[in-house]
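What follows draws every value from the coordinates through simple rules; no lab data is involved. What you see is a predicted model; the values in this text were computed from it and never measured. Every residue, glycine as well, gets a Cβ built from its backbone with ideal geometry; the counts of neighbours run over all protein chains shown.
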There are 2 protein chains.
Amino acid sequence: MTKKRTTKPKDVRATLADHIDSAITACRMRGAQMTPLRVAVLSALWSADRPLGAYEMRDLVSKSIGRKIAAASVYRALDFLCAQGAAARIESRNAYVACKHPSHEHACVFLVCESCGDAKEIENPKVEQLIDADAKRLGFTVKHRVVELSGFCAPCQKGAALTAHGA
Amino acid sequence: MTKKRTTKPKDVRATLADHIDSAITACRMRGAQMTPLRVAVLSALWSADRPLGAYEMRDLVSKSIGRKIAAASVYRALDFLCAQGAAARIESRNAYVACKHPSHEHACVFLVCESCGDAKEIENPKVEQLIDADAKRLGFTVKHRVVELSGFCAPCQKGAALTAHGA
DNA sequence: CATCCAATGATATAAAATATCATTTGTCCA
DNA sequence: TGGACAAATGATATTTTATATCATTGGATG
């Protein structure tokens, strides 16, 4: 067996393995099969820790597994991972990220920085409740929620301020 | 001058003219110029009253003005109209609609039906406040908000139920 | 072992969006 | 008035994103 992991938050490699492991377990419990390709795609997402386009992912995964993958295969893997709640699509960027809270169903809320391109996933059950209430009032049955804010993250604002001063 | 309009809600033609008129006025007040092409695109959106793709719009507008328009021109007009708050993009569908509440800034919330493809725009200031509060707490400056629910609208649910019973 | 089904490979194509540069139109001011 | 400048559009090509199709592979199961 593998030696006990300490799971310090900063130890990216250890937590990557943890994330993959729990995704595999979660899929198994649902009778869904987590294949090597799907693992490779999910690993790419966790490793990048930023939104990746499908074609960018194709290149990364192709390198990581040592052979050329077709875009269609990446899209298929992404469809699967999104359906399983292990990944999510950021509609306003045509990009994908690993879901940071895959253990339970929820509406992901993304804060997407226009400067660095990073996307932070947060959760806010109240937002979900509010919009669902609106929908219910109108007789609309909600299947999927997209909540994305674009703007500038804290680090980029500081950076911009420094740049402005320095100029 | 044109004869006085009654602006009955059901009179689509009259309200279309009203919408275009007020968009022109709003643009003028901001020093933005509402050109014939932009009017044609906005008219197409109001007339269709459902989300239109850019290429679909190209065809509609080409017919309405009697000459072939390039896709790029449509995209430019749409960029302008979205910036002016006269139209909005539905990210999860790669489609555009006329904004139903162009008179004031707000985060559009869209309920997009997976069955009929229609998109209803609603407004909920509380949703806006909630997610903005989250953003603020994280030092994130919000520039744009995307809130889209996909699912099934009331009419389509009834239709589906009838179909199921009838079968 | 044979069979079946899900997943993937391989390829082609569709759909959506942008880039570039020439041309026209409009605005403003001398 | 007309000349100069900026904004908008035309025209074309290309990039990026996504899907369709059918052959092949690889397990699971009986």
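Listing for the model above:
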| read-out | value |
| --- | --- |
| Percent of beta bridges antiparallel (DSSP, the protein assembly as shown, rounded to nearest 5) | 75 |
| Diffusion constant of chain B at 37 °C, which comes from Stokes-Einstein with the Kirkwood Cα-pair radius and 0.692 mPa s, µm²/s | 185 |
| Given B:68/B:120; A:158/B:136; A:63/A:100, the pairs whose alpha carbons are separated by over 21 Å | B:68/B:120; A:63/A:100 |
| Teacher prompt: residue B:139 distances to equivalent labels in other copies, 7 Å Cα→Cβ, nm | 4.9 |
| For residue A:100, inter-copy label distances in nm, listed shortest first [label point 7 Å out on the Cα-Cβ vector] | 3.4 |
| Candidates A:132, A:21, A:79: whichever shows maximal mean-square fluctuation once chain A is modelled as a Gaussian network with Cα springs under 10 Å | A:132 |
| GNM top mover of A:137, A:93, A:76 - chain A, alpha-carbon springs below 10 Å | A:137 |
| Cβ-defined net charge surrounding residue B:37, 13 Å radius [Lys, Arg +1; Asp, Glu -1] | +4 |
| Charge tally in the Cβ shell below 13 Å around residue A:61, where Lys, Arg are +1 and Asp, Glu are -1, residue A:61 excluded | +4 |
| Cut-off 9 Å between beta-carbons: net charge of the residues surrounding residue B:118, Lys and Arg +1, Asp and Glu -1 | +1 |
| Nearest beta-carbon to the A/B symmetry axis - residue in chain A, distance in Å | A:91, 2 |
